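Structure record follows, encoded as structure tokens.
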Amino acid sequence: MAIELPPYASTGQKIWHYAYLVICGLIFFFLIAPIITIIPLSFNAENFFTFTPGMIALDPEAYSLKHYRDFFTSDDWQQALRNSLQIAPVATLLAVGLGTLAAVGLSQPHVPARRAIMAILISPMIVPLIISAAGMYFFYSRIGLQGTYVGVVLAHAALGIPFVIITVTATLVGFDQSLVRASANLGAGPVRTFFKIQMPLILPGVISGGLFAFITSFDEVVVVLFVGSAGQQTLPWQMFTGLREQISPTILAVATILVTISILLLTTVELLRRRSEKLRGMSPG
């Protein structure tokens, strides 16, 4: 919804209002321009990373789906896709389970040092990724998980847990604890109370956190370079290899597909956020 100026706004307020809109537009363009540039380049009929004269002239023959065909027919790219689809969902399930339990536990006022615990749990979002990757490499190599599927899944789950904790904690804000007490008075145990009372109300936040965790795992490349092996070469890893070694234009097609998936997931997150607000009575129905 656009912000409208009141009729009594002064000249200075009007100038700042329109200047603010221009600044926001420039920032948005700065952020979105690289992504928009990639999409038409993925349809380039030539093996170039730049716009050809034919593309600029909108010549239909200058556009092609060859890079998308290369992605779906290449054994290397399809194996990387399979690896990502084998790792990301399992890591997401672990992140959702552990993150939801942590958020529900830390929402209780009687938990000691819950602020310190929360800071530790969300630290993977704050600490530079290269430091986390190096730490995971040395730790997993000591316990024999470096270069294994389990190690990569656990590493990605550790990166996704903070997103689940934050989204579920935000959903629990304003949660009526009297519902839990009423359930206990009626004889329901903690587990039954959680699944029958709390889970339906916090489910939008849980799903939103799971989507963020999935995106984090699916797009992650630094940690898998340290913790994984050639057998766990994921889609971002294959893209990184393509940029470093062979400069394959297929990367542009893959990037466009990932952008489309991310947009769909983020749209789902926004719809779930609105639904969560309606369930908690924070927005009109």
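The values are calculated or read from the model by the stated rules, or taken from the named source; none is laboratory data. In this text the structure is predicted, and so the values were computed from the model without any measurement. Cβ: placed from backbone, ideal geometry, glycine included. Neighbour counts: every protein chain shown.
Of all residues in segment 1-22, none satisfies being outside any helix (DSSP H, G or I), at pLDDT below 90, under 29 Å from G242 (Cα atoms) and hydroxyl-bearing (S, T, Y).
Flag not set for I27, criterion: under 26 Å from H67 (Cβ atoms), assigned to a helix (DSSP H, G or I) and at pLDDT 85 or above. Consider P89 carefully, then state whether it is part of a helix (DSSP H, G or I), surrounded by 14 or more Cβ atoms within 10 Å (Cβ to Cβ) and under 32 Å from the mean Cα position of the chain (by Cα). Answer is yes for this residue. Among the residues making up segment 57-73, those that are among the hydrophobic types (A, V, I, L, M, F, W, C) and either assigned to a loop (DSSP other than H, G, I, E, B) or at pLDDT below 85 (or both) are A57, L58, L65.
Residue count for segment 123-134, restricted to those that are surrounded by 14 or more Cβ atoms within 10 Å (Cβ to Cβ) and free of Cβ contacts under 8 Å to residues at least 60 places away in the same chain: 2.
Taking residues in segment 221-232 that are crowded, with 20+ Cβ neighbours inside 10 Å, and partners anywhere that are of a type in the set (K, R), not one pair has Cβ atoms closer than 6 Å while being at least 6 places apart or on different chains. Screening segment 111-180 for helices (runs of 4 or more DSSP H) wholly inside it with 3 or more residues that are among the hydroxyl-bearing types (S, T, Y) and more than 19 Å from S84 (Cα to Cα) returns the ranges 129-143, 149-172.
In the set R114, R142, only one residue is of a type in the set (K, R), surrounded by fewer than 18 Cβ atoms within 10 Å (Cβ to Cβ), out of contact with any His (no Cβ under 7 Å at 6 or more places or on another chain) and within 24 Å of G210 (Cβ to Cβ); that residue is R114.
Annotation: V111 fulfils all but one of (1) under 30 Å from P190 (Cβ atoms); (2) modelled with pLDDT of 85 or more; the unmet one is (2).
For segment 73-85, a residue qualifies if it is surrounded by fewer than 15 Cβ atoms within 10 Å (Cβ to Cβ) and within 22 Å of A158 (Cα to Cα), and the qualifying residues are R82, L85. Which residues, counting only those in segment 221-251, are of a type in the set (S, T, Y), part of a helix (DSSP H, G or I) and either in contact with a strand residue (DSSP E or B) (Cβ under 6 Å, 6 or more places away or on another chain) or farther than 13 Å from N47 by Cα (or both)? Result: T241, single match.
Before we move on, is L94 in a helix (DSSP H, G or I), modelled with pLDDT of 90 or more and within 30 Å of F175 (Cα to Cα)? Taking the combined requirement at face value, the residue satisfies it. The numbered conditions (1) farther than 14 Å from V254 by Cα; (2) surrounded by 10 or more Cβ atoms within 10 Å (Cβ to Cβ); (3) acidic (D, E) are all true for D70 except (1). For segment 20-45, the set of residues classified as over 28 Å from the mean Cα position of the chain (by Cα) and without any contact (Cβ under 8 Å) to a residue 24 or more places away in the chain consists of Y20, V22, A45, listed by residue number.
Pairing residues of segment 177-199 that are touching a residue at least 40 places away in the same chain (Cβ under 8 Å) and surrounded by 13 or more Cβ atoms within 10 Å (Cβ to Cβ) with residues that are among the aliphatic types (A, V, I, L, M) and part of a helix (DSSP H, G or I), at Cβ distances under 9 Å and at least 6 apart in sequence or on separate chains, gives F194/V104; F194/V180; Q198/V104; Q198/L172; Q198/L179; Q198/V180.
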